[in-house]
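To start, the structure itself, in structure tokens.
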Amino acid sequence: MKTGTDMKTPLKRVRGLGASGSGTEHFWHQRVSAIFLVPLGLYMVWFAMAHLGATRAEVAASLSHPLHAVLMALGVGLAIWHSMLGLQVVIEDYVHGPVAKLAALLLNQAYAALLAGLALYALVKMSFGV
Amino acid sequence: MSDMKPVARPLSPHLQIYKPMLSMMMSIMHRITGVALSGGLLLFVWWLLAAALSDDYFNLVQMLFGHWLGKLVLFGFTWALIHHTLGGIRHFVWDVGRGYDLNTVETMVWWSLIGGLVLTVALWALGYWVMA
């Protein structure tokens, strides 16, 4: 550990969590979202299978049911979050320049936000039937 | 910390010096399928959006997904999803501190590799059977 002009105590240092800037919460969020994505992913696959060859009206009618709307919102939302966390790790591993890395991380979050916005719009529109 | 300038330090040997092993390939595949699924998610959201927009637009998306190229992409999507899910379940086992001896690692890796392929084909066969 560096000494000399640095007056910080070890406690102060660990509060900033060092160079990474974060602790284990990323890992934890990745795993928690993964656990819930197992049943929700199964549900989404089942939903897609159950609507093979269905018309738009049939798909929209299913998704206007509260149970489907909520499950689908949870599934898609959690999948987007899990994917954002995963891509973040990939970016942190392979994109090294500070500017390129920041840009890639922001793009990743923008992609997740865009997906979430589109899915939210679609599900709300089908739920309220406008 | 912040006053440190980047120094060109020697790096430890990386992937290329190791003999490729199945467990290592599956770790790489877990990452690749994860990245691919992030793209696949856009296809799924696109389908939901199409269902919310109009009959014409929905039919267009269904036609694109129904094209052989679209089906190929969706088949890959299905496989990536199942493969990544089985890989994730393997990671849950490791997360709770079990399954670290080499035989168990090898067994789990083989099961998830074969399971991913078999389940993908089975799901598509089921799909074709339902549609027929």
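The values are calculated or read from the model by the stated rules, or taken from the named source; none is laboratory data. If you're wondering where the values come from, they're calculated on a predicted model, not measured in any experiment. Neighbour counts are summed over all protein chains in view; Cβ atoms, including those assigned to glycine, are modelled from backbone coordinates with ideal geometry. Side chains included, ligands, DNA and RNA excluded: accessible areas come from the protein's heavy atoms. Shrake-Rupley method; radii C 1.70, N 1.55, O 1.52, S 1.80 Å.
Okay, here's what the table says:
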{"read-out": "Cα→Cβ-extended label distance, 7 Å offset, between A:Val32 and B:Tyr57, nm", "value": "3.4 nm"}
{"read-out": "Solvent-accessible ranking of B:Tyr57, A:Tyr94, largest area first, probe 1.4 Å", "value": "A:Tyr94, B:Tyr57"}
{"read-out": "Among A:Ser22, A:Ser33, A:Ser83: highest mean-square fluctuation, GNM of chain A, C-alpha pairs under 10 Å", "value": "A:Ser22"}
{"read-out": "nm² value of the averaged projected area, convex hull over the Cα atoms of the protein assembly as shown", "value": "18.8 nm²"}
{"read-out": "Accessible area in square angstrom per residue, chain A, 1.4 angstrom probe", "value": "62 Å²"}
{"read-out": "Label-point gap, in nm, between A:Ser22 and B:Leu64 - each point 7 angstrom along Cα→Cβ", "value": "3.1 nm"}
{"read-out": "GNM result for chain B, Cα springs below 10 Å: residue of B:Leu81, B:Leu37, B:Leu15 fluctuating most strongly", "value": "B:Leu15"}
{"read-out": "At least 20 Å along the helix axis (C-alpha) and Kyte average at least -1.0, DSSP helices within chain B", "value": "B:22-53, B:68-95, B:102-131"}
{"read-out": "For the range B:19-67 and the range A:83-99, distance of Cα centres in Å", "value": "20 Å"}
{"read-out": "29 Å Cα-Cα reach of A:Lys101 towards lysines, excluding residues that sit fewer than 8 places from it in its own chain", "value": "A:Lys2, A:Lys8, A:Lys12, B:Lys5"}
{"read-out": "1.4 Å probe, heavy atoms, protein only - residues of the range A:24-49 losing at least 40 Å² accessible area vs chain alone", "value": "A:Arg31, A:Val38, A:Val45, A:Met49"}
{"read-out": "Of A:Leu42, A:Leu118, A:Leu52, the one that fluctuates the most in a GNM where chain A has Cα springs shorter than 10 Å", "value": "A:Leu52"}
{"read-out": "Two-decimal log10 I(q)/I(0) for chain B, as the Debye equation yields it once each C-alpha is a single scatterer, q = 0.12, 0.14 Å⁻¹", "value": "-0.68, -0.81"}
{"read-out": "Span-rule helices in chain A, defined as complete DSSP H runs reaching 24 Å or more along the axis (Cα) with Kyte mean at least -1.0", "value": "A:25-50, A:66-94, A:98-128"}
{"read-out": "Extension reserve of the B:Arg98-B:Lys19 stretch, reckoned as 0.36 nm per residue once the Cα distance is removed", "value": "25.9 nm"}
{"read-out": "Solvent-accessible surface ranking, highest first, for A:Ser62, B:Ser12 at 1.4 angstrom", "value": "B:Ser12, A:Ser62"}
{"read-out": "Calculated log₁₀ intensity ratio I(q)/I(0) where the Debye formula runs over C-alpha points of chain A, q = 0.13, 0.16 Å⁻¹", "value": "-0.72, -0.92"}
{"read-out": "Helix-only [θ]222 nm of chain A, DSSP H runs n ≥ 4, -39500 (n - 2.57) each, per residue, nearest 500", "value": "-26500 deg cm²/dmol"}
